[in-house]
Amino acid sequence: MNPLLRKISRKIPNPILSRLIYLYTSGIKSALFRKPQFKDEVLQEMAFYVNQAAPKRLLVDVSHQVYSTQKSGIPRVVNKIAAALLQTDQSDFSFEFVMILNGELYTARRFTERILSLETGSLGIDEKIEIQRGDQILILDNAWDKLPSYLPYFEKVRSFQGKIGTVVNDLLPTQHPEWFPKDFLAVFLSTLPLICQWNDILFCISQTTRKDMAAWVQRNCPQEISRLQLLTFTQGAEIGDTDTQKSPIRESLQQFLQNAKAEKACIFVQVSVIQPRKGQDYALDAFEKLWSRDKNYRLIYVGSKGWMADELYERILNHPEAGKRFFYTGRASESELVEILDQSTALISPSRGEGYGLPVVEAALRGLPVLVSDIPIYHEVVGEGGLFFSLDNTDTLCDCVCEISQWTDAMRKEKAAKVPVGTWQQGANELLAGYL
């Protein structure tokens, strides 16, 4: 949301604020003077949403994604699972995507329109949610900062014998607080006990996260063990949708890829936000070692700057090999990412800690082998499909890079095919099963 609008919103009653946001996001001119033009398929999507009539309603929180343009990490999972939920059997549940707005629960129709590919404003103004019998809540988004506002709604759902569930991505802040900003850490650590207290189900994105969560509950909330369900759900992988292939690829990136191809140089790519825990410093150390040995490999980093990364970011931006043997894209479009993956030899992920690691699976889906750090989550996610290296010694990554550069394309594809790949539909069905 525009900062000025956010400031004003704190002084305006919610019904008025909802209409202001509606006009702001729709475009004031189009909202006032132009009626949406609906095609038959659009009308079908609208009718599907409006005519949901299942006996139970699942309220799915997407608070942080309503006005977000991010498409990686947690935002990617939220958007993909949300779309998949709308493709599930509608006999048990109808779905309403919701958000906390100024401390109250509202519909999130701009988000719903985006998921259904509807024109902004098609579904009308957002409305306040009133909890009714049959309602269940799923905190799909990483909206733990909204929990205090959710408590009265949780209480009402419980009074109607409804269930409350929250997605847990990882417990890294409890294990490595030094990786996170103090304000985020304070919210996470203070909210985690309340999550355990108020939820009936915690949906973990991996078995590793489930194991960590079970251990944390045992130590910190033992009174909740017998009541709290800890479940996992499948993470899908989907990259290179046809509607994203048309966007142009920046000239500097195209030139870098063409130069590598002309010199028959192997390209290695890391896809992740720029953060110390993601290990970009480690990979750069390894490639600097390889370059000093006259190895003509290329390295590409894809991802925007994240937390606590000033020093690392400066190193990346000002690297002496920038534009030569090293390229930093910043945030890349999906068509750029697909182009990079399809021309690369392997994906590298030297992460020091993950809840899952979706880019690794998406790379394998494109037939790209993956070189990953020797941490528990990657053994779960890639299994026999990965080449593992130790974070204690960059020589182990150097060895992996040199080895895989000698493989044939067939050998690389065969290795990548060993990485298990789920679907978002599986994940959506598993989430719903928790409420049945």
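Against the conditions (1) modelled with pLDDT under 95; (2) surrounded by 21 or more Cβ atoms within 10 Å (Cβ to Cβ), V98 satisfies every one except (1).
The set of residues in the range 321-347 that are over 20 Å from N296 (Cα atoms) and either assigned to a helix (DSSP H, G or I) or of a type in the set (G, A, S) (or both) comprises G330, A332, S333, E334, S335, E336, L337, V338, E339.
Report yes if some residue within the range 286-308 is in a strand (DSSP E or B), within 18 Å of V370 (Cβ to Cβ), touching a residue at least 60 places away in the same chain (Cβ under 8 Å) and not hydroxyl-bearing (S, T, Y); otherwise report no. Walk me through it before giving the result.
Of the range 286-308, the ones in a strand (DSSP E or B) are 298-302, 305.
Filter again for within 18 Å of V370 (Cβ to Cβ), leaving 298-302.
Keeping just the survivors that are touching a residue at least 60 places away in the same chain (Cβ under 8 Å) gives none.
No; the residues of the range 286-308 include none that is in a strand (DSSP E or B), within 18 Å of V370 (Cβ to Cβ), touching a residue at least 60 places away in the same chain (Cβ under 8 Å) and not hydroxyl-bearing (S, T, Y).
Is there a residue being of a type in the set (K, R), surrounded by fewer than 16 Cβ atoms within 10 Å (Cβ to Cβ) and not in a helix (DSSP H, G or I) anywhere in the range 348-366? The answer is no, given that none of the residues of the range 348-366 is of a type in the set (K, R), surrounded by fewer than 16 Cβ atoms within 10 Å (Cβ to Cβ) and not in a helix (DSSP H, G or I). In the range 257-274, the condition of being of a type in the set (D, E, K, R), in the same structural domain as I348 (by TED's automatic domain parsing), under 20 Å from the mean Cα position of the chain (by Cα) and under 28 Å from T394 (Cα atoms) is met by no residue.
So which of T408, T394 is over 20 Å from E288 (Cα atoms), of a type outside the set (G, A, S) and over 23 Å from the mean Cα position of the chain (by Cα)? Steps first, answer last, please.
On the way: T394 fails: over 20 Å from E288 (Cα atoms).
Matching residue, one of T408, T394: T408.
Do the conditions hold for T112, that is, is it among the β-branched types (V, I, T), buried (at least 17 other Cβ atoms within 10 Å of the Cβ) and at pLDDT below 95? For T112, the condition - among the β-branched types (V, I, T), buried (at least 17 other Cβ atoms within 10 Å of the Cβ) and at pLDDT below 95 - is met. S206 satisfies every condition listed in (1) farther than 26 Å from I81 by Cβ; (2) at pLDDT 95 or above; (3) not assigned by TED's automatic domain parsing to the domain that holds I375 except (1).
Among the residues of the range 369-424, those that are of a type outside the set (A, V, I, L, M), under 21 Å from D342 (Cα atoms) and part of a helix (DSSP H, G or I) comprise G385, C400, C402, E403, D409, R412, K413, E414, K415. Every condition in (1) modelled with pLDDT under 95; (2) closer than 23 Å to M213 by Cα holds for G121 except the one numbered (2).
Are any residues in the range 148-179 under 23 Å from the mean Cα position of the chain (by Cα), surrounded by 19 or more Cβ atoms within 10 Å (Cβ to Cβ) and closer than 20 Å to S63 by Cβ, and if so, which ones? Give the steps one after another, and end with the answer.
Of the range 148-179, the ones under 23 Å from the mean Cα position of the chain (by Cα) are 150, 164-179.
Applying the additional criterion that residues be surrounded by 19 or more Cβ atoms within 10 Å (Cβ to Cβ) yields 150, 164-168, 170-171.
Passing the criteria: Y150, I164, G165, T166, V167, V168, D170.
Before we move on, is I137 in a loop (DSSP other than H, G, I, E, B), at pLDDT 95 or above and either among the small types (G, A, S) or in the same structural domain as L58 (by TED's automatic domain parsing) (or both)? In short, no. Checked against (1) modelled with pLDDT under 90; (2) not in a loop (DSSP other than H, G, I, E, B), K71 passes all but a single condition, namely (2).
The values are calculated or read from the model by the stated rules, or taken from the named source; none is laboratory data. Fair warning: this is a prediction, and the values are worked out from it, not measured in the lab. Every residue, glycine as well, gets a Cβ built from its backbone with ideal geometry; the counts of neighbours run over all protein chains shown.
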